[in-house]
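One structure below.
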């Protein structure tokens, strides 16, 4: 997580940016060789299983050890979703080593075939930009309790609906490191920079 800046002398200086770890965390205490050790356990994205635009089952193993961005959208949206997808396309093109997981909030409509057609509009490589569908309750539960992208209560039932413009940035250990307004190009610029920091993080 470093950046080079040049001082007046012309010599480079390392600048580090430490991104926060978001979500609830707890302290875990244990004795190691007779000494009390206290570790902080941070919120992590839980396991999941969905279907991608090619009809392939995708689990958390796909992003294990990788930096990725998660968002929620639906293909028939005429308001914020097209803007968000265009901004994600910027991320996709500028940061070649990051993955993107775009989850539908309307799985009844957004079948793998529909998602494939949507992905093709952006020439999205399915190894880097994955469009996911599946059980609505599971999609919504992950949005709320995993990615923390929606604070409203709900169970993914017929009247439940999530419509958020926020992206979540996830690190190599599955921890949330930032939220970004996907309709704001300036915020997405920050996201692109922060991805660079995470890719360098040990």
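A short reminder: the numbers here are calculations on the coordinates, not readings from a lab. Here the structure is a predicted model, which is why all the values come from computation and not from measurement. Positions of Cβ are generated from backbone atoms using ideal geometry, with glycine treated the same way; all protein chains shown enter the neighbour counts.
Can you say what percent of the DSSP beta bridges in the range 43-106, counting only those with both residues inside, are antiparallel? Round to 5.
Taking every DSSP beta bridge within the range 43-106, about 35 percent pair in antiparallel fashion.
Counting pairs of alpha carbon atoms under 8 Å apart in space and at least six apart in sequence, what relative contact order in percent does the chain give?
Reported as a whole number, the value is 26 percent.
Mind giving me the nanometre distance, one decimal, between the label points for residue 64 and residue 28, set 7 Å out from Cα along Cα→Cβ?
1.7 nm
Provide the percentage of antiparallel DSSP beta bridges, counting only those with both residues in the range 44-200; round to the nearest 5.
55 percent
Could you list 37, 90 in order of exposure, starting from the residue whose Cβ has the fewest other Cβ atoms within 10 Å?
So the residues, fewest neighbours to most, are 37, 90.
What whole number of Å gives the distance from the Cα centroid of the range 150-202 to the Cα centroid of the range 34-72?
13 Å
Gaussian network model of the chain, Cα springs within a sub-10 Å range: biggest mean-square fluctuation belongs to which of 149, 27, 36?
36
Which order do the peptides 95-107, 48-60 take when ranked by the mean count of other beta-carbon atoms within 10 Å per residue, highest first?
The densest-packed peptide leads the list: 95-107, 48-60.
In degrees from 0 to 90, rounded to the nearest 10, what is the angle of the helix 80-94 Cα long axis to the longest principal axis of the chain?
The helix 80-94 is inclined about 50 degrees to the chain.
Could you work out the helix-only [θ] at 222 nm for the chain, with each DSSP H run of four or more residues adding -39,500 (n - 2.57) and the total divided by the number of residues, to the nearest 500 deg cm²/dmol?
Value at 222 nm, helices only, nearest 500: -7000 deg cm²/dmol.
Can you order the peptides 170-177, 150-157 by their average number of other Cβ atoms within 10 Å per residue, highest first?
170-177, 150-157
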